[in-house]
Amino acid sequence: MNLIYNSEQYSVVEYGADTNHEALRFGGYEITDKSVHKELFIGGPQVINFRKDVHELIASEPSIEEIDEFLAQFDDYMGQRVWSH
């Protein structure tokens, strides 16, 4: 597990590939929207497309606002509540 992005609005954690778990066969990403305390896990084959899109975004040397805008497209899919202890 590796924190790869952290802004006031979002954080993204990357999980390495694990062939013993189908959801992590290609690795995975957990995107957290801090303002609404919700998260989304991207695993399985969807990781390939997400990783490609992220690499293209990074190549354009985006601002934090542009990265947050990119991550905002996943807001509607975030259903898991984040609870802190």
Test: residue in segment 61-78 that is modelled with pLDDT under 95, over 16 Å from Y5 (Cα atoms) and either among the polar types (S, T, N, Q) or part of a loop (DSSP other than H, G, I, E, B) (or both):
yes
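Condition check ((1) without any contact (Cβ under 8 Å) to a residue 24 or more places away in the chain; (2) acidic (D, E)) across all residues:
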position	(1), (2)
N20	yes, no
L24	yes, no
D33	no, yes
F50	yes, no
E56	yes, yes
Q80	no, no
Among the residues of segment 1-30, what is the count of those that are small (G, A, S) and within 18 Å of E66 (Cα to Cα)?
2
Testing L57 on (1) in a helix (DSSP H, G or I); (2) modelled with pLDDT under 90; (3) touching a helix residue (DSSP H, G or I) at 6+ places or on another chain (Cβ under 8 Å); (4) of a type in the set (A, V, I, L, M, F, W, C), one condition comes back false. Which one is that?
(2)
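The values are calculated or read from the model by the stated rules, or taken from the named source; none is laboratory data. The model shown is predicted, which means the values in this text are computed figures rather than measured ones. No Cβ is skipped: glycine too gets one built from the backbone with ideal geometry, and neighbour counts run over all protein chains shown.
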